[in-house]
Structure formats: C-alpha cells, structure tokens
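Notes for the one structure printed next.
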Amino acid sequence: MTTFSAKITLRDKKLGKILFKALLPEAHSQPDGKVVVVFEDDTLVINMFSSKFSTLRAMITSHIRMLYTAIKLLERLSKS
C-alpha cells in the first residue's frame, strides 16, 4: 500500500511553542490519515501521512490554514 506524506517545519521558538499547543488536539482527531506534531530544537514539525493523496492534500490545506489564522491572530493581539 502506498503512503503519501508531507512535512511542515517552523523554526521560531516562541511561535512554535504556541502553535504546538494549539495544533496538538487537532493531530489526535484525524479520521483518515495520521498527523504527528512535535516541538524540538526550537522547531515545530508537523508530519502528515495518508494512504490517499486527496486526504493528504486536505490535511495540508487545513493545517496551513490553521497556522496562518493563529499567526495573524497573534500578530493582532501583540498590537493591542
């Protein structure tokens, strides 16, 4: 069986810790596929695996959207 995978990394200690805590619950709730979120060496790493390419694509899109939204929210909060 073919397995497709993707990896997203973010090298920012402060932001990485915040995003790690925000994404961890989501990683455990994937119906199709697997997401592993780790924070080590000041780097956030999101590994995604799925047997279907379309599922992996949806997982990538979803996680990028969550990261973008969280970053923009943190930027706005820091300006307040």
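How much solvent-accessible surface does Ser51 expose, in Å² to the nearest 10, with a 1.4 Å probe and all protein chains in place?
Rounded to the nearest 10, that gives 60 Å².
Throw me the Rg/Rh for the chain, computed over C-alpha atoms with Kirkwood Rh, two decimals.
Looking at the chain, the ratio lands at 1.01.
Tell me the per residue accessible area of the chain using a 1.4 Å probe; a whole number in Å² is fine.
Dividing the accessible area of the chain by its residue count gives 71 Å².
Can you give me the angle between helix 53-79 and the longest principal axis of the chain, using Cα atoms only, in degrees from 0 to 90, rounded to the nearest 10?
0
For the cross-link pairs Lys7/Lys72; Lys21/Lys52; Lys14/Lys79; Lys14/Lys72; Lys21/Lys79, which exceed 24 Å when the distance is taken from alpha carbon to alpha carbon?
Lys21/Lys52
How would Ile18, Ile71 rank on accessible area, largest to smallest, probe 1.4 Å?
Ranked list, largest accessible area first: Ile18, Ile71.
With the contact rule set at Cα under 8 Å and sequence spacing of 6 or more, what percent relative contact order holds for the chain?
34
Among Ile60, Ser80, Val45, whose Cα sits farthest toward the positive end of the charge dipole of the chain (+1 at Cβ of Lys/Arg, -1 at Cβ of Asp/Glu, about the Cα centre)?
It is Ser80.
Note down the magnitude of the dipole of the chain about its Cα centre, charges +1 on Lys and Arg C-beta and -1 on Asp and Glu C-beta and zero elsewhere, to the nearest 20 debye.
The calculation lands at about 260 debye.
Leaving ligands, DNA and RNA out of it, report the carbon-plus-sulfur percent of the accessible area of the chain at a 1.4 Å probe.
Ligands and nucleic acids excluded, carbon and sulfur reach 56 percent.
The values are calculated or read from the model by the stated rules, or taken from the named source; none is laboratory data. This is a predicted model, so every value here is computed, not measured. For neighbour counting, all protein chains shown are included, and Cβ atoms are generated from backbone atoms with ideal geometry for every residue, glycine included. Surface areas here come from the heavy atoms of the whole protein model, side chains and all, with no ligands, DNA or RNA. Shrake-Rupley method; radii C 1.70, N 1.55, O 1.52, S 1.80 Å.
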